[in-house]
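One structure is given below, encoded as structure tokens.
The values are calculated or read from the model by the stated rules, or taken from the named source; none is laboratory data. This is a predicted model, so every value here is computed, not measured. With ideal geometry, Cβ positions are generated from the backbone for all residues, glycine too; neighbour counts draw on all protein chains shown. Quick note on the areas: whole protein, heavy atoms, side chains included, nothing else; ligands and nucleic acids left out. Shrake-Rupley method; radii C 1.70, N 1.55, O 1.52, S 1.80 Å.
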Amino acid sequence: MNSGKIIIPAITPFRNQQIDGEAVEVMVEYAMKNRFDGLFAGSSTGGVAALSYKKHKEVLKTYIDKITGNVTPLAGISRNDLDETTSLGKDAVDYGYRIIVLINPYYHSYSDKTFLIYFSNVLESVDADFYLYNNPGLTGRNLKPEVVATLHDKYPNVKGVKESSGDLGTFSKFLAIKGLEVFQGKDTLLYESMKMGSAGGICSSANFSLNTLKIAKDLPDSKESAEKVKKLMEVVSDYENPVIHNYLFRKYIANESPSGYMRKPYSDLDSVPPEDIKNLL
């Protein structure tokens with residue numbers, strides 16, 4: 001199993017209804033100290049779909065201003081409105097991002113033709129490298145390997161894909177696209193994906209756990225880490241996402257008693273995980 005990259009799809013920390021810059025600094029320090037390869041601001045784990053356009057921009061600016069060292073910044077710019085997406089992409093490039101993550105339009109059941117038009121417009125308008133993002137559990141539609149292959153052939157700035165369908169058959173089809181970096185987005189499938197030739201993972205548990213990092217880097221205890229990840233994600237799945245991710249980051253990385261870390265209408269966890277969850281981190 002080859003060593004790969006691990007990128008954190010970063011939470012969006014809030015305090016008193018505002019983005020918490022100090023918590024972003026803690027996240028950046030955590031990523032640097034443990035040698036994560038990248039920090040992805042504006043991710044689904046960051047609750048970006050619930051943010052206004054203005055707040056979305058603020059998230060990207062806050063992270064890029066804090067990231068230093070060898071941690072690569074990535075910007076999620078996806079908005080259902082095409083003009084907002086392209087405008088946000090241009091702003092991200094102006095801020096200093098060189099890698100953009102872009103998911104397909106969601107909520108409505110759009111066609112592959114619509115996907116091609118949407119992606120093509122953004123790819124032609126924003127001067128950056130792109131990782132396309134397939135997450136049918138959130139969007140309601142698969143971004144098919146055939147669509148990504150078409151875009152990859154036409155646009156040299158399509159460098160990779162984050163594949164979060166949870167289906168290793170689909171994952172293998174993405175791997176067959178020559179020259180495309182394929183990242184696993186499902187934490188519990190990272191170990192199997194690395195054996196298949198994955199470029200690494202963009203996994204939500206990386207916000208508060210080092211186990212996906214150990215798997216991607218093929219450390220001696222990677223198999224044991226994979227078992228811990230599976231058990232950890234079973235616990236996480238019982239809670240509201242991304243509230244649980246914010247809670248675990250605050251408690252185990254920021255080392256604080258978590259309180260007031262979500263913005264309205266989303267509230268802090270009603271019941272917290274058992275203390276022995278730290279044995280799975």
Run through the DSSP bridge list for segment 1-145 and note the antiparallel percent, rounded to the nearest 5. 10
Using the crude model of +1 on Lys and Arg Cβ and -1 on Asp and Glu Cβ, and no other charge, please compute the dipole size for the chain relative to its Cα centre, in debye to 20. 280
If amide hydrogens are placed 1.01 Å from N in the peptide plane, which non-local residues have theirs closer than 5 Å to the one on Gly200? Lys5, Gln184
Bridge orientation stat for the chain from DSSP, antiparallel percent rounded to 5, came to 5
Do the sum for the chain: with -39,500 (n - 2.57) for every DSSP H run of n ≥ 4, divided by all residues, what is the mean residue ellipticity at 222 nm, to the nearest 500 deg cm²/dmol? -12000 deg cm²/dmol
Find the relative contact order for segment 122-281 and round it to a whole percent, using C-alpha pairs within less than 8 Å whose residues are 6+ positions apart. 14
³J(HN,Hα) across segment 229-242 via Karplus (A = 6.51, B = -1.76, C = 1.60, θ = phi - 60°), whole Hz, x for Gly/Pro? 4, 4, 5, 4, 5, 5, 5, 4, 5, 7, 10, 6, 9, x
Per-residue accessible area for Phe14 at 1.4 Å probe radius, Å² rounded to 10? 10
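Under the definition of Cα pairs under 8 Å and six or more residues apart, what whole-number percent is the relative contact order of the chain?
Relative CO of the chain lands at 20 percent.
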Put +1 on the Cβ of every Lys and Arg and -1 on every Asp and Glu Cβ in segment 18-75; which of Leu51, Ala31, Ile19 then has its Cα farthest towards the positive end of the dipole? Leu51
Dipole moment magnitude, nearest 20 debye, segment 86-244 about Cα centre, only Lys, Arg, Asp, Glu C-beta charged: 260
List the pairs from Lys230/Lys251; Lys144/Lys214; Lys33/Lys178; Lys5/Lys33; Lys66/Lys90 whose alpha-carbon separation is above 26 Å, in the order I gave them. Lys144/Lys214; Lys33/Lys178
Loop-resident trypsin sites (Lys or Arg not before Pro) in segment 16-63 with no more than 16 other Cβ atoms inside 10 Å, DSSP not H/G/I/E/B, are Arg35
³J(HN,Hα) across segment 55-61 via Karplus (A = 6.51, B = -1.76, C = 1.60, θ = phi - 60°), whole Hz, x for Gly/Pro? 5, 4, 4, 5, 4, 4, 5
In order through segment 172-180: 3J(HN,Hα) via Karplus (6.51 cos²θ - 1.76 cosθ + 1.60), integer Hz, x for Gly, Pro: 5, 5, 5, 4, 6, 7, 4, x, 9
Let me know the charge dipole size of segment 1-114 about its Cα centre in debye, to the nearest 20, where only the beta-carbon of Lys, Arg (+1) and Asp, Glu (-1) is charged. 160
Given [x] 6, 21, 20, 14, 11, 8, 6, 6, 5, 2, 0; [y] 7, 31, 38, 21, 3, 0; [z] 6, 27, 34, 25, 8, 1, 0, which label gives P(r) over Cα pairs in 10 Å bins from 0, in percent as computed from the coordinates? [y]
